[in-house]
Amino acid sequence: MRRDTVGDDVTFVVNRNINFTNVCYVGCRFCAFAQRETDADAYTLSLTEVGVRAEEARQAGATEVCMQGGIDPKLPGTAYFEIAAEVRRRVPEMHVHAFSPMEIVNGASRTGMPIREWLQAAKDAGLDTIPGTAAEILDDEIRWILTKGKLPTDVWVQVVRTAHELGIRSSSTMMYGHVDAPHHWVAHLRLLARLQGETGGFT
């Protein structure tokens, strides 16, 4: 369940997470989700399975699905469009909140498309908003320890800013309490505040 706040009003949505694959080779040090393709617990959902889960979510009263997955080197960059389109086809009214900045960069690089063009194609396929995950702590010193091989801070900001410019709003996250310190938290929040001041795109 995600809460959005504006002034004194608090609202919520009923949401279902659909993690379409847990196959991932990024190697974040904190992750207990990722599996290698040959691991016993590895899975990748078919488009049909994603669609069925979206329909089940609607039947349970959900108005939004959040879809994220591992970074699987065998997943085509266009698969994200197909996933969003399948949900839109099955449940046209469902809000599609999907694809972290890391997934967006992965998809864009695999298709050879610029990030802006890839995001527009995802929006055309049915994407409504993106989760502001893969942020952890937006400080490259910390990111190098936790998520070497993942997005540098400036790339995360570029993806989120571009999404906002295209009318794709996002959430924003912070994962703290590991190898960070309070001054990292403050810098992270200040960066998000500056970006919000520029785009107004965070929900």
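The values are calculated or read from the model by the stated rules, or taken from the named source; none is laboratory data. Just so you know, these numbers come straight off a predicted model, no measurement behind them. Every residue, glycine among them, receives a Cβ derived from its backbone with ideal geometry; neighbour counts consider all protein chains shown. The accessibility values were calculated without ligands, DNA or RNA, using every heavy atom of the protein model including side chains. Shrake-Rupley method; radii C 1.70, N 1.55, O 1.52, S 1.80 Å.
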So how many residues does segment 44-54 have that are open to solvent by less than 50 Å² (accessible area, probe 1.4 Å) and either over 18 Å from Pro73 (Cα atoms) or aromatic (Phe, Trp, Tyr) (or both)?
3
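Tally the residues that are of a type in the set (Ser, Thr, Tyr) and under 14 Å from the mean Cα position of the chain (by Cα), restricting the search to segment 93-149.
Residues that pass the stated criteria total 3.
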Which listed residue, of Leu166, Leu146, is open to solvent by 10 Å² or more (accessible area, probe 1.4 Å) and either in contact with a Ser or Thr (Cβ under 8 Å, 6 or more places away or on another chain) or under 21 Å from Cys24 (Cβ atoms) (or both):
Leu146
Ala62 vs (1) part of a loop (DSSP other than H, G, I, E, B); (2) at pLDDT 90 or above; (3) closer than 30 Å to Lys148 by Cα: all pass except (3)
Here's a check for you: in segment 134-166, which residue that is modelled with pLDDT of 95 or more and touching a Pro at 6+ places or on another chain (Cβ under 7 Å) is farthest from Arg190 (Cα to Cα)?
Val159
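With the requirement that a residue be assigned to a strand (DSSP E or B) and among the polar types (S, T, N, Q), what does segment 65-96 give you?
Matches in segment 65-96: Gln68 only.
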Does Gly200 meet the test of being at pLDDT 95 or above and either at negative phi or of a type outside the set (Asp, Glu) (or both)?
yes
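Output the number of residues of segment 98-143 satisfying the condition of being on the phi > 0 side of the Ramachandran plot and open to solvent by less than 30 Å² (accessible area, probe 1.4 Å).
The total comes to 4.
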Among the residues of segment 149-160, what is the count of those that are out of contact with any Cys (no Cβ under 7 Å at 6 or more places or on another chain), surrounded by 18 or more Cβ atoms within 10 Å (Cβ to Cβ) and touching a residue at least 60 places away in the same chain (Cβ under 8 Å)?
0
Only one residue in Tyr80, Tyr25 is within 20 Å of Gly126 (Cβ to Cβ) and surrounded by 13 or more Cβ atoms within 10 Å (Cβ to Cβ). Which one?
Tyr80
Is it the case that Asp72 is modelled with pLDDT under 95 and open to solvent by 70 Å² or more (accessible area, probe 1.4 Å)?
no
Return the residues of segment 1-43 that are under 30 Å from Trp144 (Cα atoms), modelled with pLDDT of 90 or more and not in a loop (DSSP other than H, G, I, E, B); say none if nothing qualifies.
Asn17, Ile18, Asn19, Thr21, Val23
